[in-house]
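Following: one structure in structure tokens, then a few remarks.
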2 protein chains.
Amino acid sequence: MPRTKAFDVTDALDKAKDYFWAHGYESTSMDDLLKAMGINRGSFYDTYENKHKLLLDALDHYIENDIAPSLAKATEGLEPREAIVAIFKRKLKRMNDPQGRFGCLLINTALELAPHDEAVAKVVHRRYDELAKRFIRLVKQGQADGTISKRCKPTQLGRLLLNHLLGVLVLLRSRVSETMLKSVINQVDLLLD
Amino acid sequence: MPRTKAFDVTDALDKAKDYFWAHGYESTSMDDLLKAMGINRGSFYDTYENKHKLLLDALDHYIENDIAPSLAKATEGLEPREAIVAIFKRKLKRMNDPQGRFGCLLINTALELAPHDEAVAKVVHRRYDELAKRFIRLVKQGQADGTISKRCKPTQLGRLLLNHLLGVLVLLRSRVSETMLKSVINQVDLLLD
DNA sequence: ATTATTTTGGAACAATCATTCCAAATAGCG
DNA sequence: CGCTATTTGGAATGATTGTTCCAAAATAAT
């Protein structure tokens with residue numbers, strides 16, 4: 001019986017995600033969001049509850065639709081060690097397109113809100129763990145096939161790789177020079193040898 | 001002939017720095033700032049010009065009065081390699097006091113503002129370079145006295161260490177578990193061997 | 001003590017904040 | 001077509017934003 005929504009809920013969420021990604025949470029006003037999403041106040045509050053709830057949804061949407069596919073694409077068909085290297089090299093490739101320079105929404109949000117926002121902190125921890133596990137699995141496989149050094153336990157090395165990635169994403173958003181970025185990214189091999 | 005200021009300009013700046021450190025830039029309102037600094041509007045705008053200018057001053061004040069002394073204290077009297085390790089272990093020690101959990105003001109600010117704030121980006125780049133140079137110098141010395149592996153050029157390894165530090169400071173502010181933090185920090189040795 | 005100069009406290013400002021609310025418009029069902 | 005449930009657009013809300021402004025207070029020099 002009811003009227004149907006005049007906009008695509010997921011599309012609008014995706015636009016919101018992009019805006020948060022570029023500008024952060026506090027710097028983004030409701031007016032900015034509504035304009036970016038192409039909807040208006042009534043529809044917004046009816047659909048997404050409020051700004052903070054939208055952020056949490058945007059974070060999940062980001063992991064599912066940006067991070068996960070990006071990781072899958074970068075690593076598909078590659079041997080474990082090459083997969084790890086590819087994850088980092090990919091950041092280098094993307095450093096010159098607009099989106100790539102905004103770093104990672106998860107990390108940006110973690111730094112802006114985690115200390116005073118329990119809900120955000122929880123999401124961040126879960127996603128860090130997932131990323132760490134992914135690295136750990138790749139390390140195990142790489143150590144098994146002999147391409148990654150065994151002088152460090154998989155768990156430790158996996159976490160070290162996650163930490164390395166966090167650093168790279170900080171450098172990206174900090175807009176450091178390409179030289180600096182290349183220099184750091186190319187050191188992944190040092191961690192694996 | 002004039003009246004003298006009723007407050008200590010540097011003390012108030014220090015309080016502002018602490019508030020920015022804990023809460024970030026956008027989340028901090030002028031009311032918050034004035035309360036934290038213990039002064040009022042007239043005095044503020046007369047002395048510090050405006051909120052954005054204050055942030056830049058706070059950043060410099062932070063590097064000079066928090067980072068520099070902290071690094072000096074952590075490394076004094078230590079051999080190069082031990083100095084590097086000490087810089088990281090220090091983060092672990094501090095992880096349970098309130099201030100330590102807020103990460104690093106420079107990095108927090110970089111992630112929040114660098115993409116859209118030229119002045120902040122400039123400061124960030126200069127300070128990153130200083131930190132990198134410091135690491136590079138220590139690496140050179142460590143390689144000279146044989147305590148640090150020579151399989152990597154000082155410049156490269158120095159930057160890698162800076163990147164490692166950025167990651168650790170992200171993890172700190174993200175409030176990850178002590179286990180996770182220890183695990184990552186203890187891997188510094190892997191980078192130096 | 002008087003004068004000159006600066007700071008101080010806070011009222012006032014226009015702009016913007018996130019959110020609420022509701023009449024008008026709309027679309028599916030009978 | 002008419003009924004009804006839902007969405008839509010936007011006016012309105014009260015709170016808060018960063019900044020300006022100025023009279024009153026205070027101090028150092030004359």
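The values are calculated or read from the model by the stated rules, or taken from the named source; none is laboratory data. Because the structure is a prediction, the values reported are computed rather than measured. Using ideal geometry, Cβ is built from the backbone for each residue, glycine included, and neighbour counts are taken over all protein chains shown. Only protein heavy atoms, including side chains, enter the accessible area calculation; ligands, DNA and RNA are left aside. Shrake-Rupley method; radii C 1.70, N 1.55, O 1.52, S 1.80 Å.
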Q) Any residue at all in the range B:176-187 that is touching a residue at least 12 places away in the same chain (Cβ under 8 Å) and surrounded by fewer than 19 Cβ atoms within 10 Å (Cβ to Cβ)? A) yes
Q: Hey, can you tell me all the residues within the range A:10-36 that are within 11 Å of chain B (Cβ to nearest Cβ), open to solvent by less than 30 Å² (accessible area, probe 1.4 Å) and not hydroxyl-bearing (S, T, Y)?
A: A:W21, A:A22, A:G24
Q. Just one of the numbered conditions (1) touching a residue at least 12 places away in the same chain (Cβ under 8 Å); (2) within 15 Å of DNA strand C (Cβ to nearest atom) is not true of B:A86; which one?
A. (2)
Q.
Can you confirm whether B:T47 is more than 10 Å from DNA strand D (Cβ to nearest atom), of a type in the set (S, T, Y) and more than 23 Å from the chain's Cα centre (by Cα)?
A. yes
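In this structure, is A:L192 within 17 Å of A:F135 (Cα to Cα) and either facing chain B (nearest Cβ under 7 Å) or surrounded by fewer than 24 Cβ atoms within 10 Å (Cβ to Cβ) (or both)? I'd like the intermediate steps shown before the answer.
On the way: within 17 Å of A:F135 (Cα to Cα): yes; either facing chain B (nearest Cβ under 7 Å) or surrounded by fewer than 24 Cβ atoms within 10 Å (Cβ to Cβ) (or both): yes.
Here the answer is yes, as A:L192 does meet what is asked.
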Q. Of all residues in the range B:90-116, which are more than 14 Å from chain A (Cβ to nearest Cβ) and closer than 17 Å to B:L131 by Cα?
A. B:R90
(Q) Go through the range B:1-34 and report how many residues are within 11 Å of DNA strand D (Cβ to nearest atom) and modelled with pLDDT under 95. (A) 6
Q) Quick check: anything in the range B:111-126 open to solvent by 60 Å² or more (accessible area, probe 1.4 Å), free of Cβ contacts under 8 Å to residues at least 60 places away in the same chain and of a type in the set (D, E)? A) yes
Q: For the range B:83-92, indicate whether the set of residues that are open to solvent by 10 Å² or more (accessible area, probe 1.4 Å), within 12 Å of DNA strand D (Cβ to nearest atom) and in contact with a Ser or Thr (Cβ under 8 Å, 6 or more places away or on another chain) is non-empty.
A: no
